[in-house]
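Have a look at the structure below, then the notes.
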Amino acid sequence: MYTQAMDTMSKEDGGSPKAVRSADELAHQQRFDERIDAGEFIEAKDWMPDHYRKTLVRQISQHAHSEIVGMLPEGNWISRAPTLKRKAILLAKVQDEAGHGLYLYAAAETLGTSRDQLFDALHSGKAKYSSIFNYPTLIWADMGTIGWLVDGAAIMNQVPLCRCSYAPYARAMVRICREESFHQRQGFESLLTMMTKGTDAQKAMVQDAVDRWWWPSIMMFGPPDADSPNSEQSMRWGIKRISNDDLRQKFIDATVEQARLLGVTLPDPDLKWNEERQHWDHGAIDWQEFWQVVGGDGPCNRERLSARVKAWEDGAWVREAALAHAAKGEPLRRAA
Amino acid sequence: MSGAASKAEWPLFEVFVRSKAGLDHKHCGSLHAADPQMAIQMARDVYTRRQEGTSVWVVRSDQITASDPGDKAAYFDPMEDKVYRHPTFYELPASLDHM
């Protein structure tokens, strides 16, 4: 979901690699390139080009922010889940998102940026998070649909990141992917239950949710390859492994059959099997909407950010008290 | 780890988890906590949500001394030519193959 980070980079500062300066740096650069070409992993304390570091901080922190903000749309339904079972599942899923955010912040911090700096960037609106979380969760069927489509798209995007050249990020992704497979399955199962055992009104609500989430979900893979200027460098560095369009196609191909099993219609009249390509063709994507949401003007951007900032500010006294308490206990522990 | 960390930031801890009795503790990640007790509690929530562990160690990251990656070659490569430290170096009669 989160390679969107690279697509928005060129629009901000520092989008292009700096010229190499000294002979020493040139040697480092060459050694680094050789390691990347050999498929080696880069660790936190290894030499790396500034632009590689900067790209990673941006991508990993945006990924982390997405996990954290991603708790908000689903948290909205915890207290209103229809059964205790669904409530426990949703709680576990939201708790996982928190955990994933923490793994990723820790990975970003290995690159020399503090947690507080990362939070500042999110809270001030300087850093982005995935566009998908700026859409509202209006009905219970949105929970299942997010699991099926949004987590499905995220997994499609995240699996190749397990082979990212930056090892702390790759390790975090392995853990995340392992935990996240239940997210998509629980969503599909929740929708399937409503489609097979539900009333006509409930089935109509599932279709309504799919109608609203389909296009934002396929936008999660980011703009078309032709409009994704930073992708090439990131591919070269092994930060990104598969292009936006290829991942999107893979997702659509997998999802069409799932929709049929579920008995819902995907809201794209141009969705057609292409015998020659052996892929599904899809209709035009409204990229204007995508850039509008990324730019801060989606249905829920302000609400999400203010909820996040409020949670951070309301928790300030707890963080301070915990530190004060720890400082008080320090001499005692030493004496013991 | 970072000089940029502000004073109000909780210190960083490294987390080690023993996945089951008989195995060693393995590094699995890091987290911020106000003190070691809290770090243990949070490590349980962050790293063992699916019974991944039976025991957790935490240690403040700034208490770890590590080898310098720049010295990697000088430190570890001299072992490369000491193949006689491995059992496969010694050719024995086939009848003794399992020695």
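The values are calculated or read from the model by the stated rules, or taken from the named source; none is laboratory data. Treat the numbers as computed from the prediction; the structure is a model and nothing was measured. Note that each Cβ is placed from the backbone with ideal geometry, even for glycine, and that neighbours are counted across all protein chains shown.
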Legend entry - Residues within segment A:128-151 that are buried (at least 20 other Cβ atoms within 10 Å of the Cβ), closer than 16 Å to A:Gly70 by Cβ and either of a type outside the set (Phe, Trp, Tyr) or free of Cβ contacts under 8 Å to residues at least 24 places away in the same chain (or both), tallied: 15
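Would you say A:Pro73 is surrounded by fewer than 19 Cβ atoms within 10 Å (Cβ to Cβ), more than 13 Å from chain B (Cβ to nearest Cβ), touching a Phe, Trp or Tyr at 6+ places or on another chain (Cβ under 7 Å) and in contact (Cβ under 8 Å) with a residue 24 or more places away in the chain?
The answer is no for A:Pro73.
So that you can scan it fast, the table gives a plain yes or no per residue for (1) at pLDDT below 95; (2) touching a strand residue (DSSP E or B) at 6+ places or on another chain (Cβ under 8 Å); (3) hydrophobic (A, V, I, L, M, F, W, C):
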residue: A:Val20; (1), (2), (3): yes, no, yes
residue: A:Lys45; (1), (2), (3): yes, no, no
residue: A:Arg58; (1), (2), (3): yes, no, no
residue: A:Val69; (1), (2), (3): no, no, yes
residue: A:Asn76; (1), (2), (3): yes, no, no
residue: A:Leu84; (1), (2), (3): no, no, yes
residue: A:Gly99; (1), (2), (3): no, no, no
Inset, instruction - Output the residue which, of all residues in segment A:275-297 that are outside any helix (DSSP H, G or I) and touching a residue at least 24 places away in the same chain (Cβ under 8 Å), is farthest from A:Ile155 (Cα to Cα). - result: A:Asp286
Inset, instruction - Being in a helix (DSSP H, G or I) and more than 16 Å from A:Arg241 (Cβ to Cβ) is the filter; apply it to segment A:1-18 and report the residue that is modelled with the lowest pLDDT. - result: A:Met9
Legend entry - Filter result (at the interface with chain B (Cβ under 10 Å from one of its Cβ atoms) and farther than 17 Å from A:Cys177 by Cα) within segment A:77-111: A:Glu109, A:Thr110, A:Leu111
Inset, instruction - Go through the residues of segment A:114-127 one by one and say whether even a single one is more than 13 Å from chain B (Cβ to nearest Cβ), over 19 Å from the mean Cα position of the chain (by Cα), assigned to a helix (DSSP H, G or I) and in contact (Cβ under 8 Å) with a residue 60 or more places away in the chain. - result: no
Legend entry - Looking only at segment A:210-245, and only at residues there that are surrounded by fewer than 21 Cβ atoms within 10 Å (Cβ to Cβ), of a type in the set (D, E, K, R) and under 29 Å from A:Gln29 (Cβ atoms), the one that is nearest to the chain's Cα centre (by Cα): A:Arg241
Inset, instruction - Output the residues belonging to segment A:30-56 that are surrounded by 15 or more Cβ atoms within 10 Å (Cβ to Cβ), within 14 Å of chain B (Cβ to nearest Cβ), in contact (Cβ under 8 Å) with a residue 24 or more places away in the chain and among the charged types (D, E, K, R). - result: A:Arg53
